[in-house]
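Step one of this worksheet: look at the structure below.
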Amino acid sequence: MHISKMKLHNFRSFEGVHELVFKPGINFFVGNNNSGKTTIFKAIEFIQSGKNKTDWITIGKEDDDVSVEITFSGNDLETLVEQDSLAKYKDFVFDNNNTKNLKILRDSSSHSWTQRAKTSTKGTTKTTSISNVLVWHSQEHEWKNPTGIDKTISALFDAQFVYSDLKNEDYQDFGKAKIVGKLINSVTQDFQDSQAFKKLKAAHENAFGDQGLTATLKETQSKIQNIISQQYGETQIEFKFGLPDLDNFFKTGQILLSDNGVSTDVSEKGTGMQRALALALIQLYAEVAKPNNSQDKPILFFIDEPETFLHPIAQDKLIDSLKKISVDSQIFITTHSPYLLKKFDKTSNQINVFSRAEVRISDNKDLALFPFSPTWGEINYIAFDVPSIEFHNELFGYLQNVSQVSDEKAFDNWLTATNVVEKNINYIREKNGNQITQQKTLPMYIRNIIHHPENTNNQYTTEQLAKSIDKMIEIITQTNRQSVQETQ
């Protein structure tokens, strides 16, 4: 099961309605600072526990409503909701495009819906508020809030957050829903059959059994039994102190970090060390975690700028670990790092480009200039407005291949024939000790400067590099459009 779609309405910086589409593997969120990338993480928190609209509503839209809608998809949904803890979702799973789906919503706007008893066609009208989690009933075409559904949202999925300003308590919690607990549980399956645990059970029986605490409490047990028997009739009372589940032992665990022989709780360490620990745990989880059983609820990872404090080589190792985890767990990453993006796989990964412009979010389709898209240069330009020599070379080489013209002069004429660029810039070259001025298109002018650094008679600005890139993108778009028309 994975999040396939999210719809935001007046949620924080996203005024109006915005839809995002995700893939089951790794989903990269890229874009400039303050463009709303981590807002998607907050939308998950809102779905899990949002109780008022003041903390979430878009500024200036306080009189309107705020909502987040999430669609879960995956054919394991049907098996997942067979569990007792998720049985309330069973009637809400629906088919779409041969895939099972489940839609949930938290909305400050009230919804009226009909609650029907199983033995009657009549129903009772119910009204919801922002404190309720709603589930879409595809057959009745309405959002519903069946009794108890609000408490089961935590049973539906686990969300593991690693923010740049890390909430380190998640990485000191040994509960089964947390990454440390999952890690420990995955490597201690056989511990209960070990000699060490058997000795613990024997010691517990000795301390708390008939020869231990139970014997000490026999007199108290007898007195309570007499009082109850006198007042309510004959009964038996027995104190029993069983061995706690292994999970209860894990919950008392701590992670201590030692420096110069002094052990310190990780919460007292700096942000850099805390993030290093969090990411190390995730990487180790990738190595030891077994594939998800179909009965297990999924764990979703939300990692904010993992490149912080990491050397490029460490980033490379991290993305390899995340790719392993993404086979069974969906991952969301906000990043500015090309090192994390260099292993992007468009078959299983998704890039969402965030911006502060009118179009707030765009997906992979804006990173599809080439058959081999997306490239580093393409991502850096589309997502971060960074023009680069590498991207210019990619565009130029691709167009030259499309034109099937290898001669420099003929290719420059081909560029001119597109009516997108003109030969209107002077390029100075040296020949036999003389300077010769030739008119070139801007892409050819910059290409020659890049490929002939020994010629110091010419130079270009960053603005010209960006303009040349834009012109070549326009030519590729125009060429692709013509190819589509010719095949129709």
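The values are calculated or read from the model by the stated rules, or taken from the named source; none is laboratory data. Only a predicted model underlies this, so the values are computations on that prediction, with no experimental measurement involved. Quick reminder, even Gly has a Cβ in these numbers, built from the backbone with ideal geometry, and neighbours come from all protein chains shown. These accessible areas exclude ligands, DNA and RNA; they are computed on the full protein's heavy atoms, side chains included. Shrake-Rupley method; radii C 1.70, N 1.55, O 1.52, S 1.80 Å.
Considering (1) over 42 Å from the mean Cα position of the chain (by Cα); (2) among the charged types (D, E, K, R); (3) modelled with pLDDT of 95 or more, say which one GLU463 fails and leave the rest.
Only one criterion in (1) over 42 Å from the mean Cα position of the chain (by Cα); (2) among the charged types (D, E, K, R); (3) modelled with pLDDT of 95 or more is unmet by GLU463, namely (1).
Within the stretch 113-137, which residues are in a strand (DSSP E or B) and modelled with pLDDT of 90 or more? Even if it seems obvious, please write down each step before you answer.
First pass over the stretch 113-137, keeping only residues in a strand (DSSP E or B): 113-116, 123-127, 134-137.
Listed by number, the residues that qualify are THR127, LEU134, VAL135, TRP136, HIS137.
Residue under question is ILE436, and the condition is that it be modelled with pLDDT of 90 or more, of a type in the set (A, V, I, L, M) and touching a Lys or Arg at 6+ places or on another chain (Cβ under 8 Å); does it hold? Outline the logic, then answer.
Numbers: modelled with pLDDT of 90 or more: yes; of a type in the set (A, V, I, L, M): yes; touching a Lys or Arg at 6+ places or on another chain (Cβ under 8 Å): yes.
So ILE436 fits the description; yes.
What are the pairs, 6+ residues apart or on separate chains, where a residue within the stretch 26-54 that is open to solvent by 10 Å² or more (accessible area, probe 1.4 Å) has its Cβ under 9 Å from a residue that is in a helix (DSSP H, G or I)?
ASN32/ALA383; ASN32/PHE384; GLN48/ILE153; GLN48/SER154; SER49/ILE153; SER49/SER154
Only one of LYS167, LYS176, LYS198, LYS103 is at pLDDT 85 or above and open to solvent by 50 Å² or more (accessible area, probe 1.4 Å). Can you tell me which?
One residue alone meets the criteria, LYS198.
Just a yes or no: is a residue in the stretch 73-81 among the β-branched types (Val, Ile, Thr), part of a helix (DSSP H, G or I) and farther than 24 Å from PHE354 by Cβ?
Initially, the stretch 73-81 is screened for residues among the β-branched types (Val, Ile, Thr), giving 79, 81.
From the residues that got through so far, the ones that are part of a helix (DSSP H, G or I) too are 79.
Next, from what is left, pick out any that are farther than 24 Å from PHE354 by Cβ: 79.
Scanning the stretch 73-81, I find at least one residue that is among the β-branched types (Val, Ile, Thr), part of a helix (DSSP H, G or I) and farther than 24 Å from PHE354 by Cβ, so the answer is yes.
Looking at the stretch 231-253, is at least one residue more than 28 Å from LEU318 (Cβ to Cβ), in a helix (DSSP H, G or I) and either over 32 Å from the mean Cα position of the chain (by Cα) or modelled with pLDDT of 75 or more (or both)?
Yes, the conditions are met somewhere in the stretch 231-253.
State which residue is least open to solvent (accessible area, probe 1.4 Å) when the search covers only the stretch 325-339 and only residues that are part of a helix (DSSP H, G or I) and either hydroxyl-bearing (Ser, Thr, Tyr) or at pLDDT 85 or above (or both).
Ranking the qualifying residues of the stretch 325-339, first place goes to ILE325.
Can you name every residue in the stretch 10-25 that is over 25 Å from LYS324 (Cβ atoms) and open to solvent by 60 Å² or more (accessible area, probe 1.4 Å)?
ARG12, GLU15, VAL17, GLU19
Restricting to the stretch 457-476, give me the number of residues that are of a type in the set (Val, Ile, Thr) and under 16 Å from ASN401 (Cβ atoms). Spell out how you get there, then give the answer.
Of all residues in the stretch 457-476, those of a type in the set (Val, Ile, Thr) come to 461-462, 469, 473, 475-476.
Still in the running and under 16 Å from ASN401 (Cβ atoms): 473, 475-476.
Total meeting the criteria: 3.
Checking VAL402 against (1) closer than 16 Å to SER468 by Cβ; (2) in contact with a Ser or Thr (Cβ under 7 Å, 6 or more places away or on another chain); (3) touching a residue at least 60 places away in the same chain (Cβ under 8 Å): exactly one of these is not met. Which one?
Checking VAL402 against (1) closer than 16 Å to SER468 by Cβ; (2) in contact with a Ser or Thr (Cβ under 7 Å, 6 or more places away or on another chain); (3) touching a residue at least 60 places away in the same chain (Cβ under 8 Å), the one that fails is (1).
Residues checked against (1) touching a Leu at 6+ places or on another chain (Cβ under 7 Å); (2) at pLDDT 80 or above; (3) open to solvent by less than 60 Å² (accessible area, probe 1.4 Å):
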| site | (1), (2), (3) |
| --- | --- |
| ASP259 | no, no, no |
| GLU268 | no, no, no |
| ILE299 | no, yes, yes |
| ILE303 | no, yes, yes |
| LYS323 | no, yes, no |
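When only residues in the stretch 466-481 that are farther than 21 Å from ASN380 by Cβ and over 34 Å from the mean Cα position of the chain (by Cα) count, which is surrounded by the most Cβ atoms within 10 Å (Cβ to Cβ)?
Applying the filter and picking the extreme gives THR479.
Quick one: which helices (runs of 4 or more DSSP H) lie wholly within the stretch 369-420 and hold at least 1 residues that are touching a strand residue (DSSP E or B) at 6+ places or on another chain (Cβ under 8 Å)?
The qualifying helices (runs of 4 or more DSSP H) are 376-384, 408-417.
What residue, of SER49, SER13, SER67, SER35, is modelled with pLDDT of 95 or more and of a type outside the set (A, V, I, L, M)?
Of SER49, SER13, SER67, SER35, the one residue that is modelled with pLDDT of 95 or more and of a type outside the set (A, V, I, L, M) is SER67.
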